[in-house]
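The values are calculated or read from the model by the stated rules, or taken from the named source; none is laboratory data. Note that the structure is predicted; figures quoted are calculated from it, not measured. Please note: Cβ atoms are built from the backbone with ideal geometry, for glycine as well, and neighbour counts cover all protein chains shown. Remember, those area values only see protein heavy atoms, side chains included, never the ligands or the DNA or RNA. Shrake-Rupley method; radii C 1.70, N 1.55, O 1.52, S 1.80 Å.
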Amino acid sequence: MQTRILPAADPGTPRIAADLIRQGQLVAIPTETVYGLGADGLNEAAVAGIFRAKGRPQDNPLILHIWGPEQIEQLCHRIPQKAYDLAEAFWPGPLTMVLPARSVVPKATTGGLDTVAVRCPDNEVTRQIIRLSGVPIAAPSANLSGKPSTTTAQHVLHDHDGRIAAIVDGGPCRVGVESTIVDLTEERPRLLRPGGITPEQLTAVLGDLVIDKAVTAQIDKDAVVKAPGMKYRHYAPSEPVVIVSGSREKAAAYIRRHFTPGDRVLCFQEELPLYEGCAPLAYGLEADVNTLSAGLFAALRELDDPGIHQVYARCPVGGGVAYAVQNRLKKAAAFHIVDAEAEL
Ligand code: TXA
Ligand code: MG
């Protein structure tokens, strides 16, 4: 199959992409977070195609992308007021809500769960595609399973060339890490994955937020977890990644002491001069966390090279969007962190 590249700016693109979705084909779509691998979320055969193309475990459910909050009611029931409050505050935007699913949503989409994840993305062309297709679009991040997410059309082409019908090229994604996921099916709202909508923003609307343990710690692959995707090794280049925490100077001293040829350093732009001779790759500015979230996955993909032995990574501290960047980097590092301040 020839994978078509459809520029988002072409006026004919939404119609072509929507027709392909209606035919049960796979179409990669841009969103403000990452590119998604989209298909008709109500068509079991089309959804099966997503799992095949990604090599994704069947129990890992998909997010349904909708064009507006009014579509939630077709897909979900027992919708709490909190869901409407969050939609009002953050949609369209990088927020996914988990709610009880109506029977119209196939079990193939929900990974067998009786809940479904829904999100209204902040990308005009993609919302037009959803509207024209007339169905919710199921779309996981478009990377091959376990690999760093796709934040450009080129990343998607790299992973799926010749295996999907089309890629809508909307340029690089603005946020760069996947959406924040909040589970609203229990008494208390629960954060399942941090993202562009921060815990602080959620708490301001909800008044209460439980942080799921999968956000902060490594989860055993046999564990029962709320977001099945959280237990799989994720976002990871092929070689081991270790996060080195501590001050700029202490971290650089630690890394330079342990660095051997074939290793790489993933750092902040401000730190590049400290790593001369250590093959540093900067993923953004420490002073602007949005550049770090936008640049992280492209950098991790660049480091996904069997010739590399080990990656030493620098991670931003603090809350807000930094919390999401920490989560992705820690997962890429399988929670392997050394504290340069504590090293003698
Ligand atoms: O930003 C995003 O959310 C991107 C773009 C394309 O929208 N999509 C995305 O999808 O990141 P994916 O499949 O890579 O991650 C979805 C996560 C997985 O960890 C999955 O287990 C969880 O959402 N999830 C989906 N449905 C769920 C449900 N019903 N209950 C709990 N977790 C769910
Ligand atoms: Mg993913």
Karplus couplings for the stretch 258-270 from phi (6.51 cos²θ - 1.76 cosθ + 1.60, θ = phi - 60°), rounded to Hz, Gly and Pro as x?
9, 5, 10, x, x, 8, 9, 10, 9, 9, 7, 4, 5
Evaluated at 20 °C and 1.002 mPa s, the Stokes-Einstein D of the stretch 241-342 based on the Kirkwood radius over Cα pairs, in µm²/s, stands at 160 µm²/s
If you add up the charges near Arg174, with Lys and Arg at +1 and Asp and Glu at -1, over every other residue whose beta carbon is less than 11 angstrom from its beta carbon, what do you get?
-2
What does the accessible area per residue of the chain come to in Å², with a 1.4 Å probe and no ligands, DNA or RNA counted?
40 Å²
Counting Lys +1, Arg +1, Asp -1, Glu -1, what net charge surrounds Arg264 among other residues with beta carbon under 10 Å of its beta carbon?
-4
Can you give the alpha-carbon Rg of the chain over 2.2 N^0.38 Å, where N counts its residues?
0.98
Other-chain or far-sequence residues with amide H under 5 Å of Glu286's (modelled H)
Gln269, Glu270
Too long for a 25 Å Cα-Cα cut-off, among Lys82/Lys330; Lys147/Lys330; Lys221/Lys331, are Lys82/Lys330
For a quick check: with amide H placed at 1.01 Å from N, whose amide H comes under 5 Å from Ala28's, ignoring anything fewer than 5 positions away on the same chain?
Gly38, Ala166, Ile167, Val168
Sorted by packing (mean other beta-carbon atoms within 10 Å per residue), highest first, where do 335-343, 107-115 land?
107-115, 335-343
Calc'd 3J(HN,Hα), the stretch 20-33, phi into Karplus 6.51 cos²θ - 1.76 cosθ + 1.60 (θ = phi - 60°), Hz, glycine/Pro = x, comes to 4, 4, 4, 7, x, 8, 9, 9, 7, 10, x, 9, 5, 8
Quick one: if you stick a label point 7 Å off each Cα along the C-beta vector at Ala279 and Val104, how many nm between them?
5.2 nm
So what's the back-of-envelope 222 nm ellipticity for the chain, counting only DSSP H runs of four-plus at -39500 (n - 2.57) apiece and dividing by all residues, rounded to 500?
-8500 deg cm²/dmol
Considering only DSSP beta bridges whose two residues both sit in the stretch 1-126, what percent are antiparallel, to the nearest 5?
75 percent
Run the simple label-point estimate for Arg188 and Gln58 please: 7 Å along Cα→C-beta, distance reported in nm.
3.5 nm
Residues Glu249 and Lys221, FRET efficiency given R0 of 51 Å [Cβ-Cβ distance, rounded to 0.05]:
0.85
Using a probe of 1.4 angstrom, how much of the accessible area of the stretch 241-342 is carbon and sulfur, in percent?
55 percent
